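Reviewing the structure listed below.
We did not get these values from a lab; they are worked out from the coordinates using the rules stated. Treat the numbers as computed from the prediction; the structure is a model and nothing was measured. Please note: Cβ atoms are built from the backbone with ideal geometry, for glycine as well, and neighbour counts cover all protein chains shown.
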Amino acid sequence: MKKISIIYWSGTGNTELMAKAMEEGLGDVQVELISVEQATVDHVLQADGVALGCPSMGAEELEEEVMEPFICELESEDLKGKPVILFGSYGWGDGEWMEDWQERMKNLGVHLIDEGLIVHEEPTEEGLLQCKELAMRLAEVVKK
């Protein structure tokens, strides 16, 4: 069975809600839903696909104490072709943190399935549905 790791950081719970909605959208694949504090690089390397979630922090940046160091660790690994989706919530700004994150991941050679999904503040029903749909697209790619 194919395996997808959903690794996220959430300060207010909004990104966690998005991660849980993604888990619901994955259907018949093995899913690991992991807070980044508990995650290791092996959770990424051993998965067939990965969803990474982090809200916008500070001046539109990734959370700097746990998520940023985790992404830095990934930058030293061979992730070429790994199917990946990115997601997160934000309270201000215009999504620049997600654009920067997408660029970093593209530079690693990952296969970004779609644009990063950003949701303003707490996800609405529509936002949660978008999470499930994005996760389903990841699962479709992983199963091929």
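May I ask you to compute the full-extension gain from Val41 to Glu61, defined as 0.36 nm times their residue separation minus their alpha-carbon distance, rounded to one decimal in nm?
Length gained, Val41 through Glu61: 5.1 nm.
For region 3-143, calculate the relative contact order in percent as a whole number, restricting contacts to Cα pairs under 8 Å that are 6 or more residues apart.
Answer for region 3-143 is 31 percent.
Return the single residue from Val29, Val44, Val119 with maximal mean-square fluctuation; model: Gaussian network over the chain, springs between Cα atoms under 10 Å.
Fluctuation is largest for Val29.
Once every DSSP H run of n ≥ 4 in the chain is given -39500 (n - 2.57) and the sum is divided by its residues, what mean residue ellipticity at 222 nm do you get, rounded to the nearest 500 deg cm²/dmol?
-11500 deg cm²/dmol
How much length would be gained if the chain were fully extended between Ile34 and Glu75, taking 0.36 nm per residue of separation minus their Cα-Cα distance, in nm to one decimal? Write down the numbers at each step before the final one.
Values: separation 41, 0.36 × 41 = 14.76 nm, distance 1.93 nm.
Extending this stretch completely gives an extra 12.8 nm.
Please get the size of the charge dipole for region 3-143, origin at its Cα centre, with Cβ charges of +1 on Lys and Arg and -1 on Asp and Glu, quoted in debye to the nearest 20.
Magnitude of the dipole: close to 620 debye.
So who's got an amide H within less than 5 Å of the one on Ala51, skipping anything under 5 residues away but keeping other chains? H placed 1.01 Å off N, in plane.
Those qualifying (amide H under 5 Å, at least 5 residues apart or on another chain) are Ser5, Ile6, Ile7, Ile85.
When all alpha-carbon pairs of the chain are counted, what percent fall beyond 29 Å?
More than 29 Å apart: 5 percent of the Cα pairs in the chain.
Just tell me which aspartates and glutamates come within less than 13 Å, Cα to Cα, of Lys144; anything on the same chain fewer than 8 places away is out.
Partners within reach: Asp48.
Taking the Cα centre of each part, how many Å lie between region 1-42 and region 69-86?
Between the Cα centre of region 1-42 and that of region 69-86, the gap is 15 Å.
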